[in-house]
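Q: The structure is given below, and queries will be raised subsequently.
The values are calculated or read from the model by the stated rules, or taken from the named source; none is laboratory data. Please read all numbers here as calculations on a predicted model, not as lab measurements. Positions of Cβ are backbone-derived with ideal geometry, glycine not excepted, and every protein chain shown enters the neighbour counts. Heavy atoms of the whole protein, side chains included, go into the accessibility calculation; ligands, DNA and RNA do not. Shrake-Rupley method; radii C 1.70, N 1.55, O 1.52, S 1.80 Å.
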Amino acid sequence: MSHVSQAPVTTPDAAPAPPAPRAYSEVKGWFSAYDQVLFDWFLTRQADDAAQRGDLLELGAFMGKSAIFLGRYLRDGEEFTVCDLFDSPPPDDSNLAEMRGSYPTLTRRGFDTNYLTFHEALPTVVQAPTSVVADRVRPDSCRFVHIDASHLHEHVVQDIESSRIVAAPGAVIVFDDYRSAHCPGVAAAVWAAVATGGLRLICVSASKLYATWDDPMPHQAALLTWLEGRTDLWHGVDVIDGRPLVRIGDEGVVAPAPPQPLRAAPEPAAAAPAKAPGPRPGAGWRRLAKDLLPPVVTRAIVARRRARR
Ligand SMILES: C[S@@+](CC[C@H](N)C(=O)[O-])C[C@H]1O[C@@H](n2cnc3c(N)ncnc32)[C@H](O)[C@@H]1O
């Protein structure tokens, strides 16, 4: 798999490599148990459908939490592309403020270290603003697109348009933070695309919206059948502008089995052999006197010290 870097990585090569996570739970990120269950459902369903071939794409990877998860569903002959600025300069001041405020410690090396803890090879990494994605990813090639990069309105509008260009027929497009109070620009962009841009709703969780550029009915019919059998997920159907939208809520769902590290974490540095306890304060003179002075002198000193107490 190739690497495409738009701008140089600013982390000095001499900087110590970040420690590898010992478990998936140690990878920082934002990926709830129930969105993991929904990703697993959509991606496993695609895997079971020989006709649904295609690549995977993630816009906004941070330290790799969702990318590591997604990478497990890559099949032979498919490509997984991840686009993130990591530690490269953002394209504008608003994005710079967003990056400084939300991801001040993010580095490309951190992502690489985390990803390679769970996978033999990196995905295709485009270290650049997501505005380049439509030029780097083949049109009509992706079966699953996760949009979780800049949360600023104009960037999300562009990411939505890129997803339309790269989506394979029937592709699932997932939007993070589509209704969060801190990023109204995502909601504005996504709902505008639904209202007038031809984006079709499949379902929503508390933090992600699942959509497609094609007919959502096959996804929704299979999803509702699956949800009927789940007691750990609540669901209902709303009708928006004459079209159904499946709402899904968490009723104590447990995340799928997490990705496992390829290699056991290195043992902690061997503990130094336990030292013999040091001398008690005041004990030193006694040992010295015992070693060097004739016993009769030592006894006289001890007698004098006792008399003084
Ligand atoms: C919310 S985080 C991604 C979280 C990740 N998907 C997870 O589940 O842990 C958003 C990411 O988008 C990246 N980002 C922000 N603006 C960007 C832009 N204009 N182009 C590319 N990446 C951007 C940030 O560097 C950050 O890593």
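Q: Could you pull out the residue among 66, 25 that is modelled with pLDDT of 95 or more, open to solvent by 40 Å² or more (accessible area, probe 1.4 Å), polar (S, T, N, Q) and within 19 Å of the chain's Cα centre (by Cα)?
A: From the options 66, 25, the qualifying one is 25.
Q: Would you point out the residue of the range 228-264, among those that are open to solvent by 50 Å² or more (accessible area, probe 1.4 Å), over 15 Å from residue 33 (Cα atoms) and within 23 Å of the chain's Cα centre (by Cα), that is modelled with the lowest pLDDT?
A: If we take residues in the range 228-264 being open to solvent by 50 Å² or more (accessible area, probe 1.4 Å), over 15 Å from residue 33 (Cα atoms) and within 23 Å of the chain's Cα centre (by Cα), then 264 is modelled with the lowest pLDDT.
Q: Inspect the range 134-144 for any residue being away from the ligand (no atom under 14 Å from the Cβ), open to solvent by 20 Å² or more (accessible area, probe 1.4 Å) and in contact with a helix residue (DSSP H, G or I) (Cβ under 6 Å, 6 or more places away or on another chain) and give the result as yes or no.
A: For the range 134-144, residues away from the ligand (no atom under 14 Å from the Cβ), open to solvent by 20 Å² or more (accessible area, probe 1.4 Å) and in contact with a helix residue (DSSP H, G or I) (Cβ under 6 Å, 6 or more places away or on another chain): present.
Q: Go through (1) within 10 Å of the ligand (Cβ to nearest atom); (2) without any contact (Cβ under 8 Å) to a residue 24 or more places away in the chain for residue 26 and report which single condition fails.
A: Just one mismatch for residue 26, condition (1).
Q: Name the residue that is least open to solvent (accessible area, probe 1.4 Å), counting only residues in the range 168-227 that are touching a residue at least 60 places away in the same chain (Cβ under 8 Å) and assigned to a helix (DSSP H, G or I).
A: Only one residue tops the list, namely 223.
Q: All but one of (1) within 13 Å of the ligand (Cβ to nearest atom); (2) at pLDDT 95 or above; (3) among the β-branched types (Val, Ile, Thr) hold for residue 105, so report the exception by its number.
A: The failed condition is (2).
Q: Looking only at residues that are among the acidic types (Asp, Glu) and within 14 Å of the ligand (Cβ to nearest atom) in the range 69-91, which one is surrounded by the most Cβ atoms within 10 Å (Cβ to Cβ)?
A: Only one residue fits best here, namely 84.
Q: Another question, if that's okay. Pairs, please: C-beta under 8 Å, at least 6 apart or cross-chain, first residue assigned by TED's automatic domain parsing to the domain that holds residue 18 and in the range 64-77, second charged (D, E, K, R) and open to solvent by less than 40 Å² (accessible area, probe 1.4 Å)?
A: Matching pairs, first to second residue: 66/58; 66/148; 67/58; 70/58.
Q: Just a yes or no: is a residue in the range 13-23 charged (D, E, K, R) and within 10 Å of the ligand (Cβ to nearest atom)?
A: Checking the range 13-23: not a single residue is charged (D, E, K, R) and within 10 Å of the ligand (Cβ to nearest atom).
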